[in-house]
Amino acid sequence: TGVALFILFTCSTGLLSAAATTGTFSGTITDRDTALGIEGVLVNISHSNGDWAASVFTDASGAYTSPALPVGDYVANTLDLSGYVNELYDDIPCYFYCELTAGTIITVAVGTDNSGIDFELELGGRIAGTVKDADTSIGLGNLLVDVLDPNGNWLLNTGTDGSGAYTSAGLPPGIYRAKTWNELGYINELYDDISCPNWCDYSTGDDIVVVAGVTTPGIDFELSRGGRISGVVTEDGTGTPLEGVFVDLFTPTEEFISNPSTASNGSYLSPALPPGTYFARTWNDQGYLHELYDDIPCLGCFIPGGSPIVVTEGSTTTDIDFSLGKGAQISGAVTEDGSSDPIDGIHVEVWSSSGQLLAWAPTDASGDYAISESFGAGLYFVKTWNDLGYINELHDGMPCAFCVATDGTPLVISAAETAYEVDFSLSKGGLISG
């Protein structure tokens, strides 16, 4: 009896404790046109910072109640796969993924239910099709189809099943684009039949017209096998692997194709590429010098001046490695002459001794700027550009209404890992118009 009373006391105390620190919220999800409840919609509940907290389905009447939640602020969005356009509360389109922190805050208070967290969903249209191997016509499973607007803004994606078939979530009536994404060794495509290994001009894709309540079928893809490029990026001298360095890949005409980034062990692997010749260059904002393969310093370099990389179908071209040295950094401040007030929105440019623009950065509200690229030993010229009514200057203190960058005082960089402060004090000028 003592044990039973102890258990009863412990359990009831726990329930009281939970009730004293939790609450719920509830609502109904209805069809915007018919006002009828929608069954089986998943309501995704997240903390106000976007971290997932819980999920719950609507019942036959479209009603739902959250599980008991710790007191605090939450956001909620729908995840429906039956053809309705998903929303983030309150009335914010959220096709399938969106910035959850933009949602209206739902407050959960102790021991109460915050009711009326309702959604009225619009019936949208859907896109459907099949993704197949171009040679065998076998369907390709576990592959993503991205849906974008005509400007290339990503909206949602959906996976293919074992037969290669897919159907998107609901979309508002309109015109869309679709492309594939995979890591199976196939060359991704933009619909219809446009090679798009990683990035491409989405405006060149075929229009896909979506009508409310209708599934647009036949948005099919036939993908060919490609080749890939892999390698490792390390720090020069130490051999330490470098994470987060981008390896930009170009065609011989300097057309950008893809930019895989390095993992924690410094390795990278490109998506599948059409067979052919490519050039590779690193890019980073970690203070390392950019390099063109193979071992060519590359800040404003001529891409086809590097070593060509040959890609063949169905294989990976390995050992396209880079060893990056540290470079010097250029930063500073731009202020108004006389008042010393910081000036926001001034472009500060860095030019080579041959008169080539290498890099630039804008000033912020504090008047500060920092060039993200790093610089090797040599002579550089720094100047401002603006349309705010200030007289531009060359380093060091030379007015530059219209001038050649190399007319200025050169900034001599002699050693890596050195920080150079280059400041400007700009005067207001007069303008001529007509």
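The values are calculated or read from the model by the stated rules, or taken from the named source; none is laboratory data. Given the structure is predicted, the values throughout are model-derived calculations rather than measurements. Ideal geometry is used to build each Cβ from the backbone, glycine not excepted, and the neighbour counts take in all protein chains shown. Heads up: the accessible areas ignore ligands, DNA and RNA and are worked out on the full protein's heavy atoms, side chains in. Shrake-Rupley method; radii C 1.70, N 1.55, O 1.52, S 1.80 Å.
Candidates are the residues of the stretch 175-200 that are within 13 Å of TRP154 (Cα to Cα) and charged (D, E, K, R); the one that is surrounded by the fewest Cβ atoms within 10 Å (Cβ to Cβ) is LYS179.
Within the stretch 90-111, the set of residues being open to solvent by 30 Å² or more (accessible area, probe 1.4 Å), part of a loop (DSSP other than H, G, I, E, B) and at negative phi comprises ASP90, TYR95, PHE96, TYR97, CYS98, GLU99, THR104, ILE105, ALA109, VAL110.
Across the stretch 107-144, the qualifying residues are those that are among the aliphatic types (A, V, I, L, M) and under 17 Å from ARG225 (Cα atoms), and the one among them that is nearest to the chain's Cα centre (by Cα) is LEU144. Of all residues in the stretch 222-234, none satisfies being in a loop (DSSP other than H, G, I, E, B) and open to solvent by 70 Å² or more (accessible area, probe 1.4 Å). Scanning the stretch 415-434 for residues that are assigned to a strand (DSSP E or B), open to solvent by less than 60 Å² (accessible area, probe 1.4 Å) and either closer than 15 Å to THR384 by Cβ or touching a Lys or Arg at 6+ places or on another chain (Cβ under 6 Å) (or both) gives PHE424, SER425, LEU426.
Selection over the stretch 258-286 of residues that are open to solvent by 20 Å² or more (accessible area, probe 1.4 Å) and touching a residue at least 24 places away in the same chain (Cβ under 8 Å) gives a count of 12.
Which of the residues that make up the stretch 54-76 are under 31 Å from the mean Cα position of the chain (by Cα) and within 12 Å of VAL108 (Cβ to Cβ)? Within the stretch 54-76, ALA54, GLY72, ASP73, TYR74, VAL75, ALA76 qualify. Go through the stretch 48-74 residue by residue and tally those that are among the hydrophobic types (A, V, I, L, M, F, W, C), surrounded by 14 or more Cβ atoms within 10 Å (Cβ to Cβ) and farther than 13 Å from GLY27 by Cα. Here the count works out to 5. In the stretch 321-406, counting only strands (runs of 3 or more DSSP E) that sit wholly within it, the ones holding 1 or more residues that are farther than 30 Å from VAL233 by Cβ and in contact with a Leu (Cβ under 9 Å, 6 or more places away or on another chain) span 329-336, 378-385.
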